[in-house]
1. Once phi is turned into θ = phi - 60°, what whole-Hz ³J(HN,Hα) does the Karplus curve with 6.51, -1.76 and 1.60 give for every residue of region 51-56, x standing for Gly and Pro?
2. Please label the shape of region 79-139 as rounded, prolate or oblate, based on the square roots a ≥ b ≥ c of the eigenvalues of the alpha-carbon gyration tensor (a/c under 1.5 means rounded; beyond that, a/b larger than b/c means prolate, else oblate).
3. Hey, can you grab everything whose amide H is under 5 Å from the amide H of L73? Only 5+ residues off in sequence or another chain; H modelled, so Pro and N-termini drop out.
4. Amide H neighbours of T49 under 5 Å, counting only residues 5+ apart in sequence or on other chains, H built in-plane at 1.01 Å?
5. Would you kindly calculate the translational diffusion coefficient of region 39-171, applying Stokes-Einstein with the Kirkwood radius from alpha carbon pairs, for 20 °C and a viscosity of 1.002 mPa s, and quote it in µm² s⁻¹ without decimals?
6. What's the ranking of 81-92, 47-58 by average number of surrounding C-beta atoms within 10 Å, highest first?
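What follows draws every value from the coordinates through simple rules; no lab data is involved. Computed from a predicted structure; not experimentally measured. Cβ atoms come from the backbone with ideal geometry, glycine included; neighbour counts cover every protein chain shown.
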Amino acid sequence: ARQGGAHGCEMIFLDVTNTVRSSHHSGLMRVSSCLRSALTRRPDVKLETVIWNDGAWKTSEGSAVTTDAADWLLTPEVFGPEERPGFSGWIANPGCRTAAIYYDAIPLKFPAITWPRSVGRHPSYMKQLARFDRVLAISNASREEVLGYWDWMRVGARPPVTAIPAALFQP
């Protein structure tokens, strides 16, 4: 597959691991779809969708993806270690810049009304977020929530967390 910034142009690799396999249209899926659509319309953005498969990033056709330090990996997805074996090792030394969208901690705040799988993966997901280069929260409340969680967990090193307007995720 295409090699990131090797030719002087940065690439955004958009994580669609769960999006491509899902048949329901959840809020996370809508955000992913709107983000992909918005980035595709921009002539100044080089975008490639990728999936986490067998411990590495791959194209939807299954080709290995090579990134460059100037590239970005952007994930609008929520994930856990059982869904992404090897991801923890990758995020420790990704070879590109990384950004994640943060939504909320509903699985932790309201476990009784949340899918058990979501409840189980959310603590590790929120810890993994602290290893990204940047976190984009969907609101100021979400920004404060993830920062508060990291304080509670005594997470030392953490990325900048920026609240972005929800309008960016509208079709």
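1. So the Karplus estimates, Gly and Pro as x, are 10, 8, 8, 6, x, 7 Hz.
2. Details: a/c = 3.31, a/b = 1.51, b/c = 2.19.
Oblate.
3. Correct list: F13, R97, T98, A99.
4. L14
5. Details: Rh = 16.0 Å.
So the translational diffusion coefficient is about 134 µm²/s.
6. Details: 81-92: 14.2, 47-58: 16.7.
Going by the mean number of other Cβ atoms within 10 Å, highest first, we get 47-58, 81-92.
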